[in-house]
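Every number in this text was worked out from the coordinates using simple rules, so none of it is lab data. Please read all numbers here as calculations on a predicted model, not as lab measurements. Here Cβ is always computed from backbone atoms with ideal geometry, including for glycine, and neighbour counts include all displayed protein chains.
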Amino acid sequence: MLIFHADSISDEDEVEQTGESSDDSGRAGDQSDPQGHDKKDDWDLAVRFRDIQRYGYLEPKKKKEMSEKAILSILEKARESLGPIQKPYRYLTVDQHSAREWAARGGSLELDVEETLLQAEPMFQVRSEKEHGLVLLLDTSLSMKGEKLALLGVTVAATCESVPSDALCILGFDSEIHAIKEFGEKIDTGLAIERTLSIPAGGFTNIERGLRSALERIGASRLPASRVILISDGRYTEGKNPVIEARKFRAIYPVKIGKDPGGRAVMREIADTGQGRFAEVREMHELPRFLLHAIRSWVK
């Protein structure tokens, strides 16, 4: 089995995360900015987000302020640990009519001199986001709470900033399905984080229902070749064997989280049946960084 390193991932290799890291950039640390602002305090707010929402003694204004700090902390952690993130682009050459429509939608364009000379009419080059089509399927069952849920928020933030919005769907699953972001839905990253942190605690792990919901979203979208990244410990406690559902996918990539070996066999079988690749991330704080590499390698 190959051992995964953050700067080396192959589309054709099964990968395993060792859980070791040369730094603690993915963890909450005792960091303060030049003005003395304590980032660790804000990360603690992210970890306690569900509790903050339930506190009846907090004034609405104070609760809103604490929630905003928590969301910003997660967004900053995603950007700090992953570095600059750029969505993939493609360049298209269009005629003058299409260029006007593109500009009216706020897109940037420039004259394509070579094509203009060849076509004997003005031709323009426009930059468009590549749309791969991705469903990020997150286990949000009872075990995903506190810092684990906050780190799922970081994962969601990293994904939102690296995949074109129209081509991205993010679902949480336990006994129910929690839509964090639908295909074609225009939301900012902060709202996606808030929706993730606001998922109610509780519920069993129904991977079958999660896979079925992902398949329904893909079928109703204009991206039938969308791929699925499933993040779970693989220990389903409700529903039927998810391997049966995995047979219906074009490509599904299970990422097993945690050190417990239970559930590993199921996740491997989902990968084999769903024509994808199996990966394992043993430390939750490594998940956002790993997932960015996975998206770049797997979602083409």
Item to complete: With 29 Å as the limit, write out which pairs from Lys62/Lys256; Lys69/Lys148; Lys181/Lys256; Lys39/Lys63; Lys186/Lys259 have Cα-Cα distances beyond it, or answer none.
Response: Lys62/Lys256; Lys186/Lys259
Practice prompt. Could you run the Karplus curve 6.51 cos²θ - 1.76 cosθ + 1.60 with θ = phi - 60° over the range 192-206 and give me ³J(HN,Hα) per residue in whole Hz, x for Gly and Pro?
Written response: 4, 5, 4, 5, 5, 5, 8, 4, x, 6, x, x, 8, 9, 10
Fill in: Sequence of Leu117, Leu136 once ranked by neighbouring C-beta atoms within 10 Å, starting from the fewest
Leu117, Leu136
Worksheet item: Can you sort Asp233, Asp174, Asp44 so the residue with the fewest Cβ neighbours within 10 Å comes first?
Response: Asp44, Asp233, Asp174
Discussion item. Once each part is reduced to its C-alpha centroid, what is the distance from the range 211-243 to the range 258-278 in angstrom?
Written reply: 14 Å
Worksheet item: How would you classify the range 221-284 from its alpha-carbon gyration tensor, with a ≥ b ≥ c the square roots of the eigenvalues: rounded for a/c under 1.5, else prolate if a/b is greater than b/c, otherwise oblate?
Response: prolate
Discussion item. Under the rule of at least 5 residues apart or a separate chain, name every residue whose amide H is placed under 5 Å from the amide H of Met123.
Written reply: Asp112, Thr116
